[in-house]
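Asks: Supplied in structure tokens, the structure appears directly below.
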Amino acid sequence: MIEKHQFDAVVVGGGGAGLRAALQLAEAGTKVAVLSKVFPTRSHTVAAQGGIAAALGNVSGDNWLWHMYDTVKGSDYLGDQDAIEFMCKNAAKAIIELEHFGMPFDRLENGKIFQRPFGGMTQSFGEKPISRTCAVADRTGHAMLHTLYQRNIQANTKFLVEWFALDLIRDSDGNILGVVALEIETGNIHILQAKTTLLATGGAGRIFQASTNAYINTGDGLGMALRAGLPLQDMEFWQFHPTGVLNAGVLITEGVRGEGGYLVNSEGERFMERYAPQAKDLASRDVISRAIATEIKAGRGVGKHKDAIYLKLDHLGGGLINQRLPGIREIAKTFANVDPVVAPIPIAPTAHYMMGGLPTNLDGQVVEPSENGEKAVKGLYAVGECACVSVHGANRLGSNSLLDLVVFGKAAGDKMVSEIALSQVHKPLPENVAEMTLARINRLESKQSGFPGESVAEVGAAMRKTMQSHCGVFRFPDLLEAGVRAIDEIADRAKFIQIKDKSKVFNTARVEALELDNLIEVAVATMRTAHHRKESRGAHARQDFPERDDDNWLKHSLYYKKDHKLVYKPVRLKPQTVDSFMPKARIY
């Protein structure tokens, strides 16, 4: 017997985006449940180090329009300018709100919130770098997550901790009526019926071998959306963070370079002057990642296999490092066996952030193409890294991701409150509501005749290796073509996965197998959209098409699971109230 629960709103994911939306819902008096695979304060937002951007102007004069320009330029003009204006204009208000919630921002001597420089953030439309990123040492995401969790406890938000959402419930009208979920502790399947459902499931960086992402980042919301017949937008665009600890993938924040750290090659040369003469080590992440990959390819790498670059911060002194970058010192000691106070850290580009996701409007409503352009999918919302309102376009600027969570989390919460007020009763559930989910679970347990069972570990390793070698920092035509074939074969193997542990209580083998379903969906979408986009833009760098092609490719991709269908839609170049920033050469 499958247990059923009814809520006004179900929020899937207990990270920054989910908690910000849930807070809006709980404070408005709606019946909201936050479903999370892990305890909320262990969500991946906790790993965000460097800060959150807003044009407060606490260090030097600033303007939200400059922030908007930097974000549009950083997106390589693929970002939707109405959404970017909305985010940048609301940034200062969001920071002040977080401060009033109790977030312990670092302070300047005059008592104002501390701000540090970050890559791609400039004054006067690119004139010179600016300090725009508010921070709590190098643990900003940690502080934000705990702040939002405490506010939700105060607002009596209901938490379903260690629950795993498996599939969206979609009726014949195309409306979303909640989710089918697994209670990990008991192994029982539940139906969570809701008037509104918000996906805030984060990224899917675990499709790559080297990643800064936590093991929980398995693209669950994306897999659920694809299986429900919904499209994903711009899945070819993955940010490789330039500074991951060599061989560990653990992130070294851009804040290190914001505080004055810099990159050197094996010859001790500050090579970024060659690739970004103005911004140097504070150019945008895609530019720096490609520069590092180029230096390594040219034989100027460091380390045993010459496959890394050094990040130097010893010149900053122990006092500043301990005050502003204490977590980085611990990470370097633990994962690189280096004390950055006395020696440089070996780093290499590492898969970090997904610019694509579920297409949404400014209210966080998931949208799909219709005869008149676009229509909202009734009852479904998405916020954060799993969503693509497209403020990041083809490349995200550092410290814009935490901003994206809180600005659009609040907007989605507000819209959900108004939608809930209009619907007095729940729509009836479809008769076959959990059929697909139960079939997915049962196939893991029953041996299929004629086929040897596949293992989660082996299929997962094959997927990560394929994505890393075929769809990395640089993309080559023959590798992409072979990659499409390889990832399709791996997806076929995944259909025959079996698990040896048949128990119900805390069966982590079952959870990992179901997570792999989602990762495979994301990997296939990524490889196919990357193969199809014949230009270089932002984080998508093709060797055979090295230039950006605005005439043919200034458009968003939409990928559907059925028949691997790909369609395209225009970028929204018109902002809400200001003039457009028209595409031009992107130089730092």
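The values are calculated or read from the model by the stated rules, or taken from the named source; none is laboratory data. What you see is a predicted model, and the numbers here were worked out from it, not measured in a lab. No Cβ is skipped: glycine too gets one built from the backbone with ideal geometry, and neighbour counts run over all protein chains shown. Surface accessibility is based on the protein's heavy atoms, side chains included, excluding ligands, DNA and RNA. Shrake-Rupley method; radii C 1.70, N 1.55, O 1.52, S 1.80 Å.
Asks: State the percentage of accessible surface on the chain attributable to carbon and sulfur atoms; use a 1.4 Å probe and exclude ligands, DNA and RNA.
Replies: On the way: 11270 of 22000 Å².
C and S atoms contribute 51 percent here.
Asks: Could you state the accessible area per residue of the range 268-373 in Å², with a 1.4 Å probe and every protein chain left in place? Can you show the working numbers first?
Replies: On the way: 4410 Å² over 106 residues.
I get 42 Å² per residue for this part.
Asks: With every protein chain left in place and a probe of 1.4 Å, what is the accessible surface of Phe125, to the nearest 10 Å²?
Replies: 90
Asks: Beta carbons within 10 angstrom, averaged per residue: use that to sort the peptides 165-173, 193-201, 302-310, 22-30, highest first.
Replies: Numbers: 165-173: 18.9, 193-201: 29.7, 302-310: 17.3, 22-30: 22.0.
Most protected by this proxy first, the peptides run 193-201, 22-30, 165-173, 302-310.
Asks: Could you work out how far the C-alpha centroid of the range 276-291 sits from that of the range 137-202, in angstrom?
Replies: Comparing the Cα centres of the range 276-291 and the range 137-202, I get a distance of 37 Å.
Asks: As a check on your grasp of the helix formula, calculate [θ] at 222 nm for the chain: sum -39500 (n - 2.57) over DSSP H runs of n ≥ 4, divide by the residue count, round to the nearest 500.
Replies: Values: 17 runs with 200 residues, N = 588.
Helix-only estimate at 222 nm: -10500 deg cm²/dmol.
Asks: Still on this structure: Cα centroid distance between the range 483-534 and the range 1-61, in Å?
Replies: 27
Asks: Moving to a separate point now. So how do 406-419, 108-121, 68-81 stack up, highest first, on mean other-Cβ count within 10 Å? Don't jump to the answer; show the numbers that get you there.
Replies: On the way: 406-419: 24.1, 108-121: 19.5, 68-81: 25.9.
Ranking, from highest mean packing down: 68-81, 406-419, 108-121.
Asks: I need to check one value: relative contact order of the range 123-259, counting alpha carbon pairs closer than 8 Å and at least 6 residues apart, in percent. Show your work: numbers first, answer last.
Replies: Details: 137 pairs, mean separation 19.9, N = 137.
Answer for the range 123-259 is 15 percent.
Asks: Would you please report the Å³ per residue occupied by the convex hull of the alpha carbon atoms in the chain? Write down the numbers at each step before the final one.
Replies: Details: hull volume 88.1 nm³, N = 588.
Hull volume normalised by residue count: 150 Å³.
Asks: Checking the table Lys112/Lys574; Lys495/Lys562; Lys306/Lys534; Lys73/Lys128; Lys89/Lys112 against a 23 Å threshold on Cα-Cα, which pairs fail? Could you put the intermediate results ahead of the total?
Replies: Values: Lys112/Lys574 34 Å; Lys495/Lys562 16 Å; Lys306/Lys534 31 Å; Lys73/Lys128 14 Å; Lys89/Lys112 20 Å.
Beyond 23 Å between Cα atoms: Lys112/Lys574; Lys306/Lys534.
Asks: Something else: To the nearest 10 degrees, how steeply does helix 285-297 sit against the main Cα axis of the chain, on a 0 to 90 scale?
Replies: 70
Asks: How high is the relative contact order of the chain, given as a whole-number percent (alpha carbon pairs under 8 Å, six or more residues apart)? Show your work: numbers first, answer last.
Replies: On the way: 1391 pairs, mean separation 126.1, N = 588.
Relative contact order here is 21 percent.
Asks: Counting DSSP beta bridges in the range 432-588, what percent are antiparallel, to the nearest 5? Display every interim value, and only then the final one.
Replies: Values: 6 of 8 bridges.
Bridges in the range 432-588 that DSSP calls antiparallel: roughly 75 percent.
Asks: Out of all DSSP beta bridges with both ends in the chain, state the antiparallel percent to the nearest 5.
Replies: Details: 49 of 74 bridges.
DSSP beta bridges in the chain are roughly 65 percent antiparallel.
Asks: Sticking with this one: Give the peptides 49-56, 566-573 in descending order of average Cβ contacts within 10 Å, highest first. Intermediate values should be presented prior to the final figure.
Replies: Values: 49-56: 26.9, 566-573: 15.0.
Descending mean neighbour count gives 49-56, 566-573.
Asks: Over 20 Å between C-alpha atoms is what I'm after, so list which of Lys378/Lys565; Lys4/Lys427; Lys31/Lys415 land there. Don't skip to the answer; put the middle values down first.
Replies: Details: Lys378/Lys565 23 Å; Lys4/Lys427 14 Å; Lys31/Lys415 15 Å.
Beyond 20 Å between Cα atoms: Lys378/Lys565.
Asks: Right, next: What number comes out for accessible area per residue over the range 5-125 if the probe is 1.4 Å? Units Å², please. It would help to have the intermediate numbers written out before the result.
Replies: Values: 3610 Å² over 121 residues.
Each residue of the range 5-125 exposes 30 Å² on average to a 1.4 Å probe.
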